[in-house]
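Encoded as structure tokens, the structure appears first; notes follow it.
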Amino acid sequence: MAITATENDGVSLITDKISYDLVETDIEIITSGRRRIPAHSGVLAAASPVLKNIIEKPRKSHGGSSKRVIKILGVPCDAVSVFIRFLYSPSLTEEEMESYGIHLLALSHVYMVTHLKQRCTKGVGERVTVENVVDVLQLARLCDAPGLCLKCMRLIHSKFKTVEQTEGWKFLQENDPFLELDILQFIDDAESRKKRRRRHRREQNLYMQLSEAMECIEHICTEGCTLVGPSSNLDNNKLKTGPCSAFSTCYGLQLLIRHFAVCKKRVDGKGCIRCKRMIQLLRLHSSICDQSESCRVPLCRQFKQRGEKDKKMVEDTKWNVLVRRVASAKAMSSLSQSKKKKSEVLLKEEAEDFIRIRKTKFF
């Protein structure tokens, strides 16, 4: 990127190579090590609005050098050199990012060099470790880098036992209790979210199991399976001898139905846990069944009629929530099955078309 003179700012960048010989530098950057870095005010002003404001401020002349001086202190001299070079030509090597990424992030934030800040945020985030994560988090908060803050918080959460042993954490406890409180609050919230997700997954699995049970009850009472089926099928020996697709659930329900049919405790009114479970399943089926007039599941119509009369059953909030979620799980299951069948049909048709095309080509 060559530098040529213009009327406005004395500098214009027109090619891909840097040349400091075409236009004389008019500004000097002084670092902490007393290093003086010559630069062009037009380039710095174009790259950083903060440097532009500094350059445009009127200055008092005390004689001597006519060049304006800007001090950039508090970071290594080499980091300042890399920063100034980036303002001329926006490129960073991996070695420079490894050595000066944290310092460049601070400089890019202070002097509002957005593209450098984005690169440093990404580069520092890729290199954050358990040993420096607390220091990087503090810098990220000061530099308003929320993405880097979140990455540091997640690393602290996942490796908290190890982070507790670092010098950075001990320094944080002594000097910044508010940040320590924020970190502990983040960890507590993350654990709460994890517990909620686990509970949600367990509930969803339960609803899917109940949905499968509802389908198996309809299947048993309509078609029959290995042990239990409609009386018409039993009389005509039409009962299926092979297992169905949901045999594990179906077989358990068949055993429960057979017990329900012959249980003496239920008849005597003494109560039976297995029978109560069967009644709850039949009641749940009745609540989601939309074909009660033609439904062959036992007690379906009776539960429908009783539900219309019994106000307590209608107003039972927990039961209504269970019914809605099981019905939703059943609808999702049937939708996924239909999509699966449709994709299988499409694949079969594509395979048949491919075979037919090959036959027409070769025969």
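The values are calculated or read from the model by the stated rules, or taken from the named source; none is laboratory data. Quick caveat, the model's predicted, so the values are computed rather than measured. Every residue, glycine among them, receives a Cβ derived from its backbone with ideal geometry; neighbour counts consider all protein chains shown. Protein only, heavy atoms only, side chains kept; ligands, DNA and RNA dropped before computing areas. Shrake-Rupley method; radii C 1.70, N 1.55, O 1.52, S 1.80 Å.
Over 32 Å between Cα atoms: which of 52/170; 52/122; 122/194 fall into that group? Provide the component values of the computation, followed by the final result.
On the way: 52/170 40 Å; 52/122 26 Å; 122/194 27 Å.
Where the Cα-Cα span goes over 32 Å, the pairs concerned are 52/170.
So for the pair residue 223, residue 28, with labels modelled 7 Å out along Cα→Cβ, what separation do we get in nm?
9.1 nm
Could you go through region 196-209 in sequence order and give the Karplus-derived ³J(HN,Hα) for each residue, using 6.51 cos²θ - 1.76 cosθ + 1.60 with θ = phi - 60°, rounded to whole Hz, and x for Gly and Pro?
Values, residue by residue: 5, 5, 5, 4, 4, 5, 4, 5, 4, 5, 5, 5, 5, 5 Hz.
Residue 330: accessible area at probe 1.4 Å, nearest 10 Å²?
50 Å²
Based on a Kirkwood Rh over C-alpha pairs, give the Stokes-Einstein translational diffusion coefficient of region 116-201 at 37 °C and viscosity 0.692 mPa s in µm²/s.
Working: Rh = 13.5 Å.
Answer, rounded: 243 µm²/s.
Rounded to the nearest 10 Å², what accessible area does residue 135 have for a 1.4 Å probe in the complete protein model?
Around 80 Å² of this residue is reachable by solvent.
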